[in-house]
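So the structure is just underneath, and the comments pick up after that.
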Amino acid sequence: MGILDDIFGNSRVETESRTAQHERFPEDTYGPTYPVALHQDELEALKELVEEETSRSTAIEQEPLLNEGMDDQLRVKSSAEELSPFIRELIETWEDQMDADPSAVWWPVAVEWQFETYLQYCELRDEQDEDAFEFPANIDQVRTLFDRCLAAQENDAKLAITQKENIPDEEPDE
């Protein structure tokens, strides 16, 4: 009988029953994220990378060379000084979310460029003979984690609304 209602225009009752109720979350306290599985050894590998990178100073004459090697679009968005603080905050937030191994952590929307730029920056430093920085032996775990984060973004069905206090590099508006 539904087809006859559609033909004759009597589907008003059915349309009203199909109307979805949407819950609204305030943008000042909630934001979009993707859940990502994180293993403790991957988190430790990321921490080791940041510690190694920030503990090895880059010679002043190396900075222009590193900047030339970085993708222009990514370089415009961030400088080397802004990259490791973001990664550190990501690590701290994820440490707070870890309660088992593995754990689900929140990957913020539209931050992949920061993580990618940081990895690219570290790679350029690793390639320079004059730079004391070298990739830790477990760098593949960091790359695997990043690939998993990118893969999570490909499925919009996994998009979640999360309180900003659980999102790295986000703070709720007071």
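Quick notes on this one:
- Residues of the stretch 110-134 that turn out to be at pLDDT 90 or above and not in a helix (DSSP H, G or I), as a count: 0
- Of the set (1) over 13 Å from the mean Cα position of the chain (by Cα); (2) modelled with pLDDT of 85 or more; (3) more than 27 Å from F25 (Cα to Cα), all apply to D99 but (3).
- Cβ-Cβ distances below 6 Å connect the following pairs, each with a first residue in the stretch 85-101 that is within 13 Å of L49 (Cα to Cα), a second residue that is open to solvent by less than 10 Å² (accessible area, probe 1.4 Å) and among the aromatic types (F, W, Y), and a separation of six or more residues or different chains: I87/Y118.
- Failed item in (1) open to solvent by less than 70 Å² (accessible area, probe 1.4 Å); (2) at pLDDT 55 or above, with E44 passing the rest: (1)
- Within the stretch 123-159, the residues that satisfy the criterion of being over 15 Å from I87 (Cβ atoms), in contact with a Phe, Trp or Tyr (Cβ under 7 Å, 6 or more places away or on another chain) and of a type outside the set (D, E, K, R) are A152, Q153, L159.
- For D169, the requirement of being open to solvent by 70 Å² or more (accessible area, probe 1.4 Å) and either at pLDDT 85 or above or small (G, A, S) (or both) is not met.
- Within the stretch 147-156, being part of a helix (DSSP H, G or I) and open to solvent by 90 Å² or more (accessible area, probe 1.4 Å) holds for D147, D156.
- Subset of the stretch 115-146 (residues that are surrounded by fewer than 20 Cβ atoms within 10 Å (Cβ to Cβ), of a type outside the set (D, E) and under 12 Å from the mean Cα position of the chain (by Cα)): F146
- Verdict on L90 being closer than 15 Å to L46 by Cα and at pLDDT below 85: no
The values are calculated or read from the model by the stated rules, or taken from the named source; none is laboratory data. What you are looking at is a predicted structure, and each value in this text was computed from that prediction instead of being measured. Positions of Cβ are generated from backbone atoms using ideal geometry, with glycine treated the same way; all protein chains shown enter the neighbour counts. Surface accessibility is based on the protein's heavy atoms, side chains included, excluding ligands, DNA and RNA. Shrake-Rupley method; radii C 1.70, N 1.55, O 1.52, S 1.80 Å.
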